[in-house]
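Notes for the one structure printed next.
The values are calculated or read from the model by the stated rules, or taken from the named source; none is laboratory data. What you see is a predicted model, and the numbers here were worked out from it, not measured in a lab. Ideal geometry is used to build each Cβ from the backbone, glycine not excepted, and the neighbour counts take in all protein chains shown.
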Amino acid sequence: MARDLRGFIEILESKGQLRRISALVDPELEIAEISNRMLQAGGPGLLFENVKGSPFPVAVNLMGTVERICWSMNMEAPEELETLGSKLAMLQQPKPPKKIKQAVDFGKVLFDVLKAKPGRDFFHLASR
C-alpha cells in the first residue's frame with residue numbers, strides 16, 4: 001500500500017508500469033509530447049529524472065489507466081471505483097432520507113469520509 005507519492009512510484013515500478021527517463025528533457029514541449037505519445041500507446045507512467053532548468057524530477061501519466069488509478073487508491077477492481085463514485089455523488093447532491101435504511105446508508109458514507117483524510121506527504125516527491 002502506498003502512503004505517499006514515492007511509495008506509489010515504487011509500486012508502479014515493481015509492476016512494470018513506470019519508465020524512468022534519465023536523458024535531459026526540455027519542460028517546454030518535449031515532456032508533453034513524450035507523455036502524450038506514451039499515454040496514447042497505453043504505456044507506463046513516466047519519471048523524467050533530468051529536467052532542463054529544474055532540480056526536481058517530473059512524474060507524468062502515473063494514473064493514465066483505470067488499473068493504475070485503482071492501485072493509487074489501494075483498490076483491486078474498477079468496480080470499487082464505481083462504488084466510490086456513487087458515494088461521492090450521494091455527498092454532492094444529498095437528498096433527505098425517506099426511510100431509515102437511507103439514513104443509515106448516508107451515515108456510513110459520512111463515516112467513510114471522516115476516515116479518509118489524506119496524508120500530508122502524499123504529494124512530496126524527492127529525487128532519489
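Descriptive notes on the structure:
- Residue, surrounded by the fewest Cβ atoms within 10 Å (Cβ to Cβ), within region 1-47, restricted to residues that are in contact with a helix residue (DSSP H, G or I) (Cβ under 8 Å, 6 or more places away or on another chain) and farther than 16 Å from GLY64 by Cα: MET1
- Close pairs (7 angstrom Cβ cut-off, 6 or more residues apart or separate chains): assigned by TED's automatic domain parsing to the domain that holds LYS52 in region 24-42, surrounded by 15 or more Cβ atoms within 10 Å (Cβ to Cβ) and among the small types (Gly, Ala, Ser) anywhere: LEU39/GLY64
- Test: residue in region 17-27 that is within 17 Å of the chain's Cα centre (by Cα) and within 30 Å of ASP112 (Cα to Cα): yes
- Comparison of LEU46, LEU88, LEU81 shows that the only residue that is under 14 Å from SER22 (Cα atoms) and not in a loop (DSSP other than H, G, I, E, B) is LEU46.
- Residue within region 98-111 that is surrounded by fewer than 11 Cβ atoms within 10 Å (Cβ to Cβ), in a loop (DSSP other than H, G, I, E, B) and outside the structural domain of ARG3 (by TED's automatic domain parsing) present: yes
- Count of region 68-108 residues, restricted to those that are touching a residue at least 12 places away in the same chain (Cβ under 8 Å) and closer than 30 Å to ALA41 by Cβ, is 7.
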